[in-house]
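In what follows, a single structure is set out as structure tokens and then discussed.
The values are calculated or read from the model by the stated rules, or taken from the named source; none is laboratory data. Remember, predicted model here, so these are calculated numbers, not experimental data. Every residue, glycine among them, receives a Cβ derived from its backbone with ideal geometry; neighbour counts consider all protein chains shown.
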């Protein structure tokens, strides 16, 4: 039994639904642009449904940053102690910290892992379409053939970099692979460069994030040569969504103590939204200053009297 069958059925429904919508407004039924926009619509639906998960991911990542000083203390506590009892105690205390701070070290991978069944289902749908076979749901044989043979810049959506000797396919596929890996790298880079507290940059968690920043783009570059252009279209649009979503989150919900947080405070102050806090501090200082003067004044008079005597 195909456990991806429900996902395939839903993907076909969304894909064909958007294709029918764009065809209804006058776009060509077999046009590559129509199918590319249908894939983009699929991305929007999938990623919009994942927004609650993304918010949870952001909160968990922040908790992972908050927990880093405690984890470093724990690592120092058990440094050099390699006996089974110590390793077990370390693992237990570490899990207790994760539970206490509601942190998950795999939080950054969750959106990717959840998208993988969708990704493989889309790959399966397109692979079936390449053989001019109907899908499991509303993707009929005619629509499957239309999807597979639709072209973008002269390259059919069913083609891959390694399976085709056509120059246009090579160029389109190579361009998409470069954009896909670059967008993935930029997304991770903007998190590490602007949305991290400098105090946590030397932690093991951050070192792992740095490795992933280079590892994931390399994986996409290597595997991308074997993916059909239709599948890479989904992944590329999804990466652009992630990059834009991450930019909005970093700009408006930065990690405290990070460069992005400092820049946001500066923007708020420039727009006058931070004036109330500054005014409150100024008022507090002005109220404290006279009190200090009044307390010192009697001492000054007493000293003057003693001097006169």
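Below are the figures for this structure:
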quantity: Residues (crowded, with 21+ Cβ neighbours inside 10 Å and more than 18 Å from the chain's Cα centre (by Cα)) located in region 43-67; calculated: 67
quantity: Condition met for residue 237 (modelled with pLDDT of 80 or more and either under 21 Å from residue 61 (Cα atoms) or in contact with a strand residue (DSSP E or B) (Cβ under 6 Å, 6 or more places away or on another chain) (or both)); calculated: no
quantity: Residue selected from region 157-176 under the condition surrounded by fewer than 22 Cβ atoms within 10 Å (Cβ to Cβ) and in contact with a helix residue (DSSP H, G or I) (Cβ under 6 Å, 6 or more places away or on another chain), by the criterion farthest from residue 227 (Cα to Cα); calculated: 176
quantity: Some residue of region 166-178 being outside any helix (DSSP H, G or I), farther than 30 Å from residue 256 by Cα and modelled with pLDDT of 85 or more; calculated: yes
quantity: Filter result for the condition that a residue is assigned to a helix (DSSP H, G or I), in contact with a helix residue (DSSP H, G or I) (Cβ under 7 Å, 6 or more places away or on another chain) and either farther than 15 Å from residue 69 by Cα or at pLDDT below 80 (or both), over 89, 103, 129; calculated: 129
quantity: Some residue of region 203-219 being outside any helix (DSSP H, G or I) and either at pLDDT below 85 or farther than 13 Å from residue 236 by Cβ (or both); calculated: yes
quantity: Close pairs (8 angstrom Cβ cut-off, 6 or more residues apart or separate chains): at negative phi and at pLDDT below 90 in region 1-22, in a helix (DSSP H, G or I) and surrounded by fewer than 17 Cβ atoms within 10 Å (Cβ to Cβ) anywhere; calculated: 4/117; 4/120; 7/117
quantity: Single residue of region 7-16 satisfying the filter (over 13 Å from residue 46 (Cβ atoms) and in contact with a helix residue (DSSP H, G or I) (Cβ under 8 Å, 6 or more places away or on another chain)) that is surrounded by the most Cβ atoms within 10 Å (Cβ to Cβ); calculated: 12
